[in-house]
Structures are given as C-alpha cells and as structure tokens.
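A short worksheet on the structure shown next.
The values are calculated or read from the model by the stated rules, or taken from the named source; none is laboratory data. Keep in mind the model is a prediction, meaning the values are calculated, not measured. Cβ sites come from the backbone with ideal geometry, for glycine too, and all protein chains shown count toward neighbours. Heads up: the accessible areas ignore ligands, DNA and RNA and are worked out on the full protein's heavy atoms, side chains in. Shrake-Rupley method; radii C 1.70, N 1.55, O 1.52, S 1.80 Å.
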Number of protein chains: 4
Amino acid sequence: MDEIDIAWASEPDLDDPVFVEGLPGVGHVGKLVAEHVVEEADSELVARVHSEHFPPQVTVDDDSVAELAGAEVHAVDTAGRDLLVLSGNHQAQDNVGHYRVSNAFLDVAEEFGATELYALGGVPTGELVDEHDVIGAVSDPALKDRLADAGVEFRSEEPAGGIVGSSGLLLGLGGRRGFDAACLMGETSGYLVDPKAAKAVLAVLEDLLGFDVDEEALDDRADEMEEVVSRLREMEEGPSPGDEDLRYIG
Amino acid sequence: MDEIDIAWASEPDLDDPVFVEGLPGVGHVGKLVAEHVVEEADSELVARVHSEHFPPQVTVDDDSVAELAGAEVHAVDTAGRDLLVLSGNHQAQDNVGHYRVSNAFLDVAEEFGATELYALGGVPTGELVDEHDVIGAVSDPALKDRLADAGVEFRSEEPAGGIVGSSGLLLGLGGRRGFDAACLMGETSGYLVDPKAAKAVLAVLEDLLGFDVDEEALDDRADEMEEVVSRLREMEEGPSPGDEDLRYIG
Amino acid sequence: MDEIDIAWASEPDLDDPVFVEGLPGVGHVGKLVAEHVVEEADSELVARVHSEHFPPQVTVDDDSVAELAGAEVHAVDTAGRDLLVLSGNHQAQDNVGHYRVSNAFLDVAEEFGATELYALGGVPTGELVDEHDVIGAVSDPALKDRLADAGVEFRSEEPAGGIVGSSGLLLGLGGRRGFDAACLMGETSGYLVDPKAAKAVLAVLEDLLGFDVDEEALDDRADEMEEVVSRLREMEEGPSPGDEDLRYIG
Amino acid sequence: MDEIDIAWASEPDLDDPVFVEGLPGVGHVGKLVAEHVVEEADSELVARVHSEHFPPQVTVDDDSVAELAGAEVHAVDTAGRDLLVLSGNHQAQDNVGHYRVSNAFLDVAEEFGATELYALGGVPTGELVDEHDVIGAVSDPALKDRLADAGVEFRSEEPAGGIVGSSGLLLGLGGRRGFDAACLMGETSGYLVDPKAAKAVLAVLEDLLGFDVDEEALDDRADEMEEVVSRLREMEEGPSPGDEDLRYIG
C-alpha cells in the first residue's frame, strides 16, 4: 500500500460537481450531514481512500466483514447540483498525515472538475443550545453574500481557535488551490452528537445547492438525543421546586 | 539497517502454508497460541523481522545475550496444514509503522505462497468470563461457513471498536491483497494474560487446519492464572459470610 | 503542497538586512516585539511559509476569511537597518519539523543576503518581575561586547535548560551556517503575556539596529496586563490589614 | 542540515580503538563515566553528531555561547587501549530517530576500525543500594568469560524489561554489524544521579581495557550525593529513637 491509496469503485459522469466534506468532528455534525445525504439521496460509491496516516485498524460490518480504516467518496445525484460527498469514520492521526490526506481529497475533487467545496462541521459553544446557528468561514470574501442569503452567519475572527483538522485544511489548502471553499459550522454544545445542529447545516446546504432530502432519519436521531439532553438537564438542575414543596408539606 | 529489515534464517519447502499471526495484544491471547504452537510442534525459524518502528530496545535472554526488538516467523510442520507462524514481543509503535510492518509480514507470507491467513487475538469483555467464545471477522463472507463449523461465532458489527493493531491490519491489508483472511478473537476479560482464552482459540485453529498439539504447557499456565483469578475474586467479594460467623462467635 | 511551502508575496530590494524572529513562546515576548515592529514601521509582506509540520488548521480573520497555519516574513524599512521580520501564530509541532522549518527560515534570510540574526523570546523567572532584564546568548563570543553595550546581560550557562524551539534552532543552526546570531530573551514570569518584557527587548533591538518605533500600542497592552497582574497580586495576598480593621469596627 | 549531520573536528590516528558509549540514562551512570574519562584522560574532540531527531534546542555554555543539541565523540589516549568515547546531553526523541542515530554512531566507530564496543548505563533496583554490582549483557556468549573476570555479573534474562535507548540499540545493532558488543550496567536506585554506580562501572572498564584515571572528581560528586542520600534516608525514617528519649525526659 502506498502512503495514500485511492481505490476507485466507479467513474460517474458528473456535471460540475460540488465537493462536500463531513468527517468526524465536533458533535459529529459534518459526519451526520454527509452520511444522511449519501443514504437518503441517489448515491454511488466513487472511491475509498486509505492511508498509513489513518488509525491502524479495521471496522467490522453487520456481516462480520472487516473494512480497512479509510474515507469514502460518493457521487450523489440530486435535483440540484451534483455532489461528491466525503464521509468516513476517521481523520488522519498525525500532523503531516492531515496535510497529505487532505491534499489527496482535493485531488479526488479536482479529478471530477469540482471547483466549489463545502467543509461541514460543528462549532462548540460549551453549553446546550436550542437554536443552532450556522457559522461560516470562506476562502474568498466574495463568497459571503450568497452564503449569508442562505442563512449563514459570519462573525469576526470566529471560531476564535481557528478550524482544526480536515475541515480547516480543506478550506485552507482548497482555497490556495483555487477552490471556492467555505466551512459551514453548526453551533453545538460540543459534548454530544448533535443531529439538530446537523439539520441546521443541512438546511443551509440544501438551500445553497438546490436539493432536498427526506429528514425523517435525522429527526429520529434528533428525538433520541433530545431525550438524552432532557435527562442531562434534569440531572443538572436537581429536584424541581415542586419537589421541595412536597417535602415541606410532608 | 533499512526501515524494515528481514533477516532470513532458513528456506523451508512449504506446501501451501497458512499464515498465522500471534503478536502481543488483548490478554496476550494471540501471542500465547502462536508461541505454544511454535514450541510444541516441529518448528524452524524462517526469518526475523526488525524495524525502526519497533521500540528502540533489546531483550536479554537466559544466557545474557541481547536480541534486537523484532518479530519472528517460524515454519511449523503439522499433521495437517503447513504453518507460517508470526510471533514476538512487540508491535510497531506508530501508525505509519503499523501499516508498513504489517505489509512486510504479508510480503513474507506471499514469499511462501500463502493465500490463507489467521490473525489471532483477544476481544475484551470487561469482566472475568468462564466460557471463552471465539469471535470471528473475515475478509470475505464466503469464509464464514467453514469457520462457523469450527465453532467461531459471528456477531454483527463486533467488536464494536473495530480490530486495532497487527491483527486488524493483517485482516484488512491481507484481504485487499487477495488473502482469505480471518481474525479469531477469544473472549477474555482484558485485564489478565488469559491462557484459557488461548486454548479456545487454539482449539478452533486445530479444527480448521487439521493439527493437534499437546496442551499441557498451556494448561499449566491456565492453572496458574486460575489461581490469580480466584484470589482476585476473593479480594473483590470481601470476607465470606462463613468468615463473619467465625468472628461473631469469637 | 510540499513539506515546506514558501509563497512569495514581494521581492523587496533590501540593503544588508537583519533577520529578526518573533514566534510564539514564553510570555509571547518575541511575538509581541515582532508584530509590534511590523505594525508600527513601514513594512511589506515578503513571504508566507506553510508546512506540514505546522498544526493542521486555519485561523479566521475579521472578514471571516480563512488563513492556513503558517509564518510570515515582512520586510521592514526603518531609519536604521533594513529588517526581515519573522512572525506568526505557530511553531512546528514535531522535532523533525522544528529543524526543517527553522532551516527554511534561514533559507529565506540567506535569499536576501542577511548575515545577522536576532531571535527574540522570553526567559521564565517563575515569579512576577518588575524589572525586565534582557539576557543574551550568542553564536560567537565576539558578538557579546556590542550586545552588552546595548544593555544585554550575559549569565554563565543561562538559561539553564537551554533555549528550546525556533529561537534556539535559529541561533544554533544559524550559527553553524555562518550567521552572526544572537538570542535576546526578556525576563518574564512565564505565566502571562508580557508586553513590558517585550518593551525591554524592543529597546535593546532599537539600540542595536538604530531604529525607533512608536510604543503606544505596546504601552496600552502593558497597561492592560498591569491591571491583570495587580488583580492577581491582590488575590494572592488576600484582604489587606486595612480591610480587617474595617470589619472589626463594623 | 541533513537528517543526521556529522561535523568532524579532528582525524586522530587510533590503534584498534574501543568504542565506549555514555549518554544520559538511568542514574546518568553511563554519562558520568564517559564524561569523567574524557575529562581526566588525554582526550581530543573527534566529531559532533547533530540530528533532527535530537530535541530542537541549544544549550548555553559558561561563555553564553549556544551549542546545538548533539552528541560528541572524543578520542582518548590511555595507558591501555585507545578509546572512542561517545557522550552528550541528549538521546533521540523518537523511535525511528533512535535507530538512525545509533546507526550513525556505529558508522563513526567503524570509520576508525573499532570492532569492540561497550555501552555503559545503569540498571534500576528501585531502592537505595550500598553495593553497586555491574550487570552485563552481550552480543555473543563468547564475550562473557573475560567480562566475568573483570567483575561483571550475568543474570538470566536481566534486566527483565530489556535495555532501552542508545545502550540497547548499540548492543543490538552493533552485534548485528559484527561488533563484539557488551552493555555494562551499574546497579542504582534509579531515583538519583549515581556517581558511586559510575565508579563501579568505571572500575570494570579500566580492568577490561587496561587504563586508570584519577577518580577524585567522581569521588567528590559521590560524596555530595551521599549527603543527599543520607538526608533522604533521615526523612524516610523519621526522628531516631534517641530523639524520642529526649522528648520523653522533657
């Protein structure tokens, strides 16, 4: 195996596709969106990317078949723009690997003539949030108007700590290669997998690219997490005033 | 020394050998099986594999002679299939090294025309277990029937965290190279060296490959560990009711 | 992108320039000085240095535009010597990277014919200090007299732990390449960003190179930090005797 | 700078020299011996070895001159065998670097035709020891008799954890290159710099190689440490019985 190994699975004919990244990260927001789009829309595996910089492991599927750690690129045919969606269970494990793997992802995007790129992720707020704004960062200020029209917020020098990992590098390296690149980050606590933040990011993406996927699966996961969150809130707040009254009377 | 250095010790004439890996890992299950087979059966050192990715150290043998960190491949002549058994005291220490060293192991296997591969290990249950099931994962679903007949259990998406390290990579990389590869994992607590889990894995391997080795040495080690385990259990449970009665009487 | 990627932004005509480094480090002393000089004097971006050895991230500016992690070299035109000032938000993240990135910085310096080099930083004292001496280390003892005249102190075998990171390597590698290299280290607690230590280092640099920049911005930041420090001191010392009297009377 | 950079300082004419390594390690035993021999005997700097795998730093000498992290090889002319002594303040910081730097050291040894090698170090006992046995490990069992005559003890499979770092690799890699290599390890607590363990190792080395250096400096350091140790022992044991009597009387 080479340092980075791209195993091609199909050669779809795509019309000016948009590259969309959703690897694991804060609140798994990007990963949730990417996987949801691949599952709900008409998609086809294009390539698996393996690398010595991914963790040295396999995952085991429901048929007990092992799959080497890697990332996947699917072609997605939507009512709007054609998509190339990058998803997977891993990011590179070391600095140098992060750069090289991200450059390989961009090579795949260029292979299909993509010139537009969205890196999806979450931005941690440190507390549970009810409204999930979507924050943006761009490779070129000229991209901001269209994104703002789709509901993206731009805040000076945010996120303060920068954007780390694949999303950051696809934006940074992609911009340097001439991509029109943006990072769309759903606000999320940072503590939990957050399907609601994913829905907010998905809504922006659908608006931008003119497609629409069924959201039931994401709603179901959001309901599950909602329950987890409300139980956490109860635990945080302790017994309610009502409980105290009862004890007082007792 | 090269990044990976294979020092050949002999060139045995093997008939369609099966490659069996047992490096250190969970409960040292794989290592126990591999070393037991090498010791009990008719075996011959074929090669030592050294690498910059192994720890920078030597081990010292009973004659005070130093041996550079590495792994060993033995040819084992059994009543059934010929074996190439990989054992040793170390795994690679870094991600990239894991991939490269595992690929070197596969090169050795291919050198002898092996096309079948078993990676042996343990799967942690988190608690002391009396029955040691052997869980399987495969490179190809067609391999499952024969393994199931030999007593291997297949459980959807297990182990949940995937298979990490040499065993995982030999399965993942081996499968991609065309090996019929399987990982056989004995259930074990994960806290202790587990010769009983090793016996369970060995039994499956013997059934699959048609050989039979004396198990006394493994039984002895199992007895030793059994004693350790029972002492641990006593410590966990505290004094028994009987002890308390005695004290009460006193 | 190559392992190290130098993106040239301009090709200024410099007269025997002095290379000045101020990357993040103890008390951010070097970074404060370098950025202050670039902002206050007549400066022009010469090159951005990117590398796989920098963190895998982008920073986001006030216009929400992403900038790939890197370091910047500015040409600065002063009343005295021409300067090439290296500043940025990151150092290399690994050993090997530190050496390679530092050598690339020296390549840039040599590109413009620089033969003199000042690495700026802080030296931690472990306690809050009022007077900020500037300690020096050199590539060649012949450099010490001129530096001592400008107020630099030389102390045998100090800093005891050596000089780590970019400043250390530019001094060590630069000296081996034939640069007249010195490290100027402002004494600082090591706990806080320290604009006063930066002022002390800047004063030495101005004296050595015959230039003078407005210090108001640095004074403002020093005032802010002064307030932080005085609040920290209050917290350390607890309520003053006066406070206790008042409570007693009450 | 290359990955490993050997800066030659002189080309002494040596007669069948013995290579002796003493880099920092357990109790700094090896380092103490190597530096003591270089200081007390008639020695000359042969080469400095620098590497990207050493820490990214300089040390500062008593004249405030910076020295890039590295190791030094001195030629030492003794009444007995000629020596090539390797000493320094650092070991490589990463696995791969450990292997490559150790191989570079062996290149230097071979450059001068050395075929015999002693790696000096300490072996931790975990408690303060009064007698400092010297434990040995060898590349070839034929070397043991002569070492045993010089007072070296050989214990089956000790040290149990193997020999880690430069000493281990020089023994392991050196043996594979055909050196007659031995590791001499002075027993030491492992908690403190131990000049007495160094004296024990030095005595063995002098006996083996037929030389004799003044030991006053090492004795002085041993006395200093002895005082530290006795103070530590007092603190461990608490007030003596005598103290209690006094209090009782009081």
Completion exercise
Partner shielding of D:98-106, taken as the mean number of other chain Cβ atoms within 10 Å, equals 3
Practice task
Output the Kirkwood hydrodynamic radius of the stretch C:60-108, Cα pairs only, in Å rounded to one decimal.
Solution key: 12.9 Å
Exercise for the section: Mind giving me the nanometre distance, one decimal, between the label points for D:D140 and A:R233, set 7 Å out from Cα along Cα→Cβ? Expected result: 7.8 nm
Handout entry: Peptide-level mean, for B:150-162, of C-beta atoms on other protein chains within 10 Å
Key = 3
Problem - Peptide D:47-58 - average C-beta neighbours from other chains (10 Å radius) - result: 6
Completion exercise
Of D:E111, C:E187, A:E158, ordered by accessible area with the largest first and a 1.4 Å probe, the sequence is D:E111, A:E158, C:E187
Exercise for the section: Nearest 5 is fine: what % of DSSP beta bridges in the protein assembly as shown come out antiparallel, could you say? Expected result: 60 percent
Problem - Sequence ranges A:214-223, D:33-42, ranked by mean other-Cβ count within 10 angstrom, highest first - result: D:33-42, A:214-223
Exercise for the section: Rank-order D:164-177, C:198-211 by packing density, defined as the average count of other C-beta atoms within 10 Å over each peptide's residues, highest first. Expected result: D:164-177, C:198-211
Problem - Ellipticity estimate at 222 nm from DSSP helix runs (n ≥ 4, -39,500 (n - 2.57)) divided over chain B, nearest 500 - result: -12000 deg cm²/dmol
Completion exercise
With the label set 7 Å along Cα→Cβ, A:R155 is separated from its counterparts in the other copies, in nm and shortest first, by 4.3, 4.3, 6.1
Handout entry: Most positive-pole-ward Cα, A:F19, A:S43, A:S102, against dipole of the stretch A:12-112 from beta carbon charges
Key = A:S102
Problem - Position C:G113, label points 7 Å along Cα→Cβ, spacing to each other copy in nm (shortest first, one decimal) - result: 5.0, 5.0, 7.1
Exercise for the section: May I ask which residue of C:H132, C:G168, C:V193 lies farthest towards the positive end of the charge dipole of the stretch C:118-231, with charges of +1 (Lys, Arg) and -1 (Asp, Glu) on Cβ and the Cα centre as origin? Expected result: C:G168
Practice task
Could you estimate the translational diffusion coefficient of chain D from the Stokes-Einstein equation, with Rh from the Kirkwood formula over C-alpha pairs, at 25 °C and 0.890 mPa s, in whole µm²/s?
Solution key: 129 µm²/s
Practice task
Find the centroid of the Cα atoms in the stretch D:41-120 and in the stretch A:5-43, then give the distance between the two in whole Å.
Solution key: 53 Å
Handout entry: Copies compared at A:D220 - label distances in nm, ascending, label defined 7 Å from Cα in the Cβ direction
Key = 5.7, 5.7, 8.0
Handout entry: the stretch A:145-214: C-alpha gyration tensor shape, a/c 1.5 cut-off, then a/b vs b/c
Key = oblate
Practice task
Within the stretch B:1-39, find all residues whose amide N lies under 17 Å from a label point positioned 7 Å from the Cα of D:E110 along Cα-to-beta-carbon.
Solution key: B:1-7
Practice task
For the protein assembly as shown, restrict the atom set to alpha-carbon positions and state the Rg and Dmax in Å.
Solution key: 33.1, 100
Handout entry: Net charge of Cβ neighbours under 11 Å - reference B:V46; Lys, Arg +1; Asp, Glu -1
Key = -3
Problem - Nearest-0.05 FRET efficiency for A:L45 and B:E153, computed from C-beta distance (R0 25 Å) - result: 0.25
Handout entry: Highest to lowest packing among B:231-237, D:102-108, scored as the average C-beta count within 10 Å
Key = D:102-108, B:231-237
Fill in the blank from the handout: Toy charge model, Lys and Arg Cβ at +1, Asp and Glu Cβ at -1: the stretch C:9-49 dipole around Cα centroid in debye, rounded to 20, equals 380 debye
Handout entry: Total charge dipole magnitude, the protein assembly as shown, about the Cα centre, Cβ charges on Lys, Arg, Asp, Glu only, Debye to nearest 20
Key = 440 debye
Fill in the blank from the handout: So for R0 = 45 Å, FRET eff. of C:D15-D:Y191 from the Cβ-Cβ r, to 0.05, ends up at 0.20
Fill in the blank from the handout: Scaled by the rule-of-thumb 2.2 N^0.38 Å, the alpha carbon Rg for the stretch A:1-121 gives a ratio of 1.01
Exercise for the section: Compute the signed sum of charges (Lys and Arg +1, Asp and Glu -1) over the other residues within less than 11 Å, Cβ to Cβ, of D:P124. Expected result: -3
Handout entry: B:D130-C:A79 pseudo-label distance in nm [points 7 Å out on the Cα-to-Cβ vector]
Key = 9.1 nm
Fill in the blank from the handout: Classified through the alpha carbon gyration tensor (a ≥ b ≥ c as square roots of its eigenvalues; rounded if a/c is under 1.5, else prolate when a/b is larger than b/c, else oblate), the stretch C:58-140 comes out rounded
Fill in the blank from the handout: By the Cα gyration tensor axes a ≥ b ≥ c (a/c under 1.5 gives rounded; else a/b larger than b/c gives prolate, otherwise oblate), the shape of the stretch D:108-161 is prolate
